[in-house]
Amino acid sequence: MNIAETRRNMQIDKQKILAGERISPEQATGLFSMDLLSLAKLADARREMARPDNTVGFIVDRIINFTNICESCCAFCAFHARAGQIPSFELSAQEVDSKIEELRACGGTQVMLQGGLHPDYRLKDYTSMIERVKKRFPDIWLHALSPAAVVHAANKNRLSIDGVVRSLQEAGLDSMPGASDLLVERVRKKISPGKLSVPQWREVMHALATQGMQSSATMTYGMGETLQEKIEHLRVIRETADETGIVQAFIPWSFSPDNTRLNDYQPGTGTDFLTIIAVARIFLDNVPHIQTSWLTQGKRMAQLALSAGANDMGGVLTEELVVKATGIETSARGSELIHLIRDANKKPVQRDSLYRPLHVFD
């Protein structure tokens, strides 16, 4: 392909976008060169096609980090014990239960059990934890673990990925976050060589689909990836969503370099964040919900994203340690999210884990 053909492929067809048609990876690359205001308007038009009711959802949930002992020791992570920011820990069953009781007392509906890839953990450790929690709290939705944890258990137990996912579901797991980091092998080999590969991530997503379980996809950007690699990450997500139909939401995270082995990297800007939100809304035409991340970007920037294609504020997150380990401490109450959504001229909706409305706020 010559230079002229490449430029033609990258040209932005606004009418095609406004008609709701699918754009190519090359055309998505061109979106990054648009001025932000014009791009945000195109993305908001696509958001209105997907979610015409002008509602913005949020969920009352809690992340429970059950251990930070991790054999992966990713370069971009300040949470794992060897990073030296948080002393090594493993929560007891009583500590986990206490945190869930606190969540339920304030009307929470979802728990995210997250932890490092502990070298001694086997599948039974995960299934026992899930079984116990689900037996004691049958009304709480378990949106827990990760594709990396599935591959970790499969390797430790010498089982298939599909077999691990099936066992987790039988134990009581309701759904699984599709934590993706960056789905580009060059970057993964540099920053997280001990974690799963891109094909393995996709295999987990297919196994979840086989078991009828919903998931999501994330993107941690600002870790030395190129523009083309950003697009490649989105392409893998869109293709996987086409194949499985289980990707409910896309959540971008700006990499926070402080206290990590990549602390000489420059953190992403607000413009970077809004651009990725907008491009994702246009390119990921098969992902219904684009979630704005107040946890890493702050509440006001998250609010701006509601005019650039996002339609969900994510969780209240009554506890979170992974991002906190990088020095960022942000929290939010449900009332704060409701105010931010209203202030953006949107209608707040408290939702459940399947994005069904629980309470619509006038």
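The values are calculated or read from the model by the stated rules, or taken from the named source; none is laboratory data. Quick caveat: nothing in here was measured; it's all calculated off a predicted structure. Cβ sites come from the backbone with ideal geometry, for glycine too, and all protein chains shown count toward neighbours.
Things worth noting here:
- Members of region 228-255 that are in contact with a Ser or Thr (Cβ under 6 Å, 6 or more places away or on another chain) and within 13 Å of Phe32 (Cβ to Cβ): Ile231
- For region 148-184, filtering for residues that are part of a helix (DSSP H, G or I), acidic (Asp, Glu) and out of contact with any helix residue (DSSP H, G or I) (no Cβ under 6 Å at 6 or more places or on another chain) leaves 1.
- Ala153, sole failed condition from (1) of a type outside the set (Lys, Arg); (2) buried (at least 16 other Cβ atoms within 10 Å of the Cβ); (3) touching a strand residue (DSSP E or B) at 6+ places or on another chain (Cβ under 7 Å): (3)
- In region 89-100, residue modelled with the lowest pLDDT [restricted to those that are surrounded by 13 or more Cβ atoms within 10 Å (Cβ to Cβ) and outside any helix (DSSP H, G or I)]: Phe89
- The selection criterion, being in contact (Cβ under 8 Å) with a residue 12 or more places away in the chain and in a helix (DSSP H, G or I), does not hold for Lys189.
- Of the residues Ala241, Ala249, Ala179, Ala217, the single one that is modelled with pLDDT under 95 and either under 30 Å from Gln303 (Cα atoms) or polar (S, T, N, Q) (or both) is Ala179.
- Top-ranked residue of region 218-237 - restricted to ones that are of a type in the set (Ser, Thr, Tyr) and in contact with an Asp or Glu (Cβ under 8 Å, 6 or more places away or on another chain), ranked as nearest to Ile276 (Cα to Cα): Tyr221
- Residues of region 195-239 classified as part of a loop (DSSP other than H, G, I, E, B), more than 23 Å from Arg22 (Cα to Cα) and among the hydroxyl-bearing types (Ser, Thr, Tyr), total: 1
- Restricting attention to region 301-337, the residues that are modelled with pLDDT of 65 or more, over 21 Å from Ala249 (Cα atoms) and not in a loop (DSSP other than H, G, I, E, B) add up to 2.
- Boolean, Arg47 is within 17 Å of Ala344 (Cβ to Cβ) and either in contact with a helix residue (DSSP H, G or I) (Cβ under 8 Å, 6 or more places away or on another chain) or among the aromatic types (Phe, Trp, Tyr) (or both): yes
- Among the residues examined, Val133 does not qualify as buried (at least 19 other Cβ atoms within 10 Å of the Cβ), among the aliphatic types (A, V, I, L, M) and touching a residue at least 40 places away in the same chain (Cβ under 8 Å).
- Restricting attention to region 30-59, the residues that are within 22 Å of the chain's Cα centre (by Cα), under 23 Å from Glu225 (Cβ atoms) and not aliphatic (A, V, I, L, M) total 1.
- Among the candidates Leu117, Leu103, Leu142, Leu159, residue that is buried (at least 19 other Cβ atoms within 10 Å of the Cβ), farther than 20 Å from Ser353 by Cβ and of a type outside the set (Ser, Thr, Tyr): Leu117
- Some residue of region 56-75 being modelled with pLDDT of 95 or more and surrounded by fewer than 20 Cβ atoms within 10 Å (Cβ to Cβ): no
- Taken over region 343-362, the residue count meeting the criterion of being charged (D, E, K, R) and assigned to a loop (DSSP other than H, G, I, E, B) is 4.
- Among the residues of region 274-296, those identified as in a helix (DSSP H, G or I) and farther than 18 Å from Ala179 by Cα are Leu274, Thr275, Ala278, Val279, Arg281, Ile282, Phe283.
- Within the set Leu274, Leu295, Leu340, the sole residue that is at pLDDT 80 or above and within 19 Å of the chain's Cα centre (by Cα) turns out to be Leu274.
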